[in-house]
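The values are calculated or read from the model by the stated rules, or taken from the named source; none is laboratory data. Worth saying up front: this structure is predicted, and the values here are computed from it rather than measured. Glycine gets a Cβ as well: all are built from the backbone with ideal geometry, and neighbour counts include every protein chain shown. Ligands, DNA and RNA are stripped out before the accessible areas are found, and what is left, the full protein with its side chains, is counted by its heavy atoms. Shrake-Rupley method; radii C 1.70, N 1.55, O 1.52, S 1.80 Å.
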Amino acid sequence: MVNEYKKILLLKGFELMDDYHFTTIKSLLAYDLGLTTKMQEEYNRIKITDLMEKKFQGVACLDKLIELAKDMPSLKNLVNNLRKEKSKVAKKIKTQEKAPVKKINQEEVGLAAPAPTARNKLTSEARGRIPVAQNQETQAQRQVDARRNVPQNDPVTVVVLKATAPFKYESPENGKSTMFHATVASKTQYFHVKVFDINLKEKFVRKKVITISDYSECKGVMEIKEASSVSDFNQNFEVPNRIIEIANKTPKISQLYKQASGTMVYGLFMLQKKSVHKKNTIYEIQDNTGSMDVVGSGKWHNIKCEKGDKLRLFCLQLRTVDRKLKLVCGSHSFIKVIKAKKNKEGPMNVN
């Protein structure tokens, strides 16, 4: 059904917009899709649709367009139509899932069934865990699950641009565990990466070229787990400078305010003010376009930093808090403090 959502995105969305609205949408998508100024000028409706389908898997690509267009009064009718078309596809999926499935005679399969690999073992186990009663779930929950973890079968060769130190995190699914973040780039695009297999840390060394297989994507971020494969790539491999520049680029704060709630944010920001409260700490970050609050809780409550330091943020989420858009730390978030250098005369120099 991914193609169904893509068809709506292009034919019922972009193709029905005038050039002004399409250009506006491209500008709002520039950060998420890694668009340079030149790419914004040259990429047409089909190219942007292809990028959105790849970045926002399944129904998420259509949801992204609706989220951006709903704030444009002149696109109200288009948004309503997109929601109706989305609902039609959802009902179609629900109908197909309720259709009876022919049981496979295990004796007929016999020894012809292949030995489980890391990939098909997970797939078969996942299928085995799906009870008939699950068909009664709401469509909304299915859409959330579909966006949460999308398997990617095609291996991708990348160069490692940066990686954090391993850190402890806690989640309802896995309890306490260890992970680290990385940023990598292929010849055509870059990826923010969550690595949940700490044994792979030696693979993620700056400038090292590796091939990643059996990874998944969640909200546009690559996830590498124990079932994934990471191997050395011992051939010549060069990534275009423009891709590296985009990967290392920090979004402007004014641009963040134009993004949809739920967007994951990475970047290096100047700390302007720190306010410690009982349950959380507000770190006010600033650039030449504005300021925004970062809400730190848990291990990110009252970290050692002061005005003039820089905060490198990994995997923080835009959320509306007290009617204001803020960056909020989650269980997978990571903040690295880069201390400002002080010269002998006192003023701080920040690199």
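Brief remarks on what is shown
- Meets criteria (under 21 Å from V159 (Cβ atoms) and either within 17 Å of the chain's Cα centre (by Cα) or among the hydroxyl-bearing types (S, T, Y) (or both)) for M222: yes
- Matching option when the condition is open to solvent by 20 Å² or more (accessible area, probe 1.4 Å) and at pLDDT 90 or above, among K176, K194, K279: K279
- Residues of the range 243-279 that are over 25 Å from V184 (Cβ atoms) and of a type in the set (S, T, Y): S254, Y257, S261, S275.
- Residue in the range 267-279 that is of a type in the set (S, T, Y) and under 22 Å from the mean Cα position of the chain (by Cα) present: no
- Those residues of the range 183-232 which are at positive phi and free of Cβ contacts under 8 Å to residues at least 60 places away in the same chain, in sequence order: K207
- Residue in the range 240-248 that is in a loop (DSSP other than H, G, I, E, B), over 18 Å from the mean Cα position of the chain (by Cα) and crowded, with 19+ Cβ neighbours inside 10 Å present: no
- Looking only at residues of the range 1-54 that are assigned to a loop (DSSP other than H, G, I, E, B) and open to solvent by 20 Å² or more (accessible area, probe 1.4 Å), we find that the one that is modelled with the lowest pLDDT is M1.
- Selection from the range 249-276 of residues that are part of a loop (DSSP other than H, G, I, E, B), polar (S, T, N, Q) and open to solvent by 50 Å² or more (accessible area, probe 1.4 Å): S261
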